[in-house]
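> Attaching a single structure in structure tokens format; questions to follow.
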Amino acid sequence: MPMQPAKTYTVDEARIKLEYYCAYQERCHGEVVEKLRSMRMIPEAIDLIVVHLLEHNFLNEERFACSFARGKHRIKYWGKIRIVNELKFRNISQYNINTALKEISPEEYLSNFHKLADHHWELMPDRDTLKKRKKFCDFLLRKGFESNLVYEKVRDLESGQ
């Protein structure tokens, strides 16, 4: 069976496709550029489309960062460290990262941290305290919570037993 040639897009077709792509979910510049590259657009067309998306507010890095931080914390229970690292990985500016972190109130942050920690502690079957403590700490640190919060919580949970 002969291979189908990859679909080619005009600048207008690609622009419309990317408007839908950005309207469906907040995107960062990197995702948009990557999508355009996968559509085999030339660099000049990519620049043209990105400028159009910015001018018409389909693409807004600050809005993306805020939405990302809120979602990852509320749904996946990520801590600030992981959120910051993931945003940096996506080349989001420090200003937008700081703005995004303000989306999470300190009360909500601590409440979600304690809820996640208590739940995880209860689910852990390990009887060996050292092993349980290590797995518990590793889990919360991987989620991106600050080490002082994690170690304080493990002390509280152990003394509560």
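> Ignoring solvent entirely, what values of log10 I(q)/I(0) come out of the Debye formula for the chain at 0.13, 0.19 Å⁻¹ when each Cα is a single scatterer?
Calculated log10 I(q)/I(0) at the listed q: -0.72, -1.09.
> Taking 7 Å along the Cα-to-C-beta vector as the label spot, tell me the E31-Y95 distance in nanometres, rounded to one decimal.
About 2.2 nm, to one decimal.
> Can I ask one more? Give me the extension gain from S105 to T8: residue separation times 0.36 nm, minus the current Cα-Cα distance, reported in nm with one decimal.
30.3 nm
> Here's another thing I want to ask about it. Based on alpha-carbon centroids, what's the gap between segment 21-37 and segment 104-122 in Å, whole number please?
Comparing the Cα centres of segment 21-37 and segment 104-122, I get a distance of 32 Å.
> To the nearest 0.05, how large is the calculated FRET efficiency for E158 and R70 if R₀ is 30 Å and r is the Cβ-Cβ distance?
0.40
A short reminder: the numbers here are calculations on the coordinates, not readings from a lab. These numbers were taken from a predicted model, which means no experiment stands behind them. Quick reminder, even Gly has a Cβ in these numbers, built from the backbone with ideal geometry, and neighbours come from all protein chains shown.
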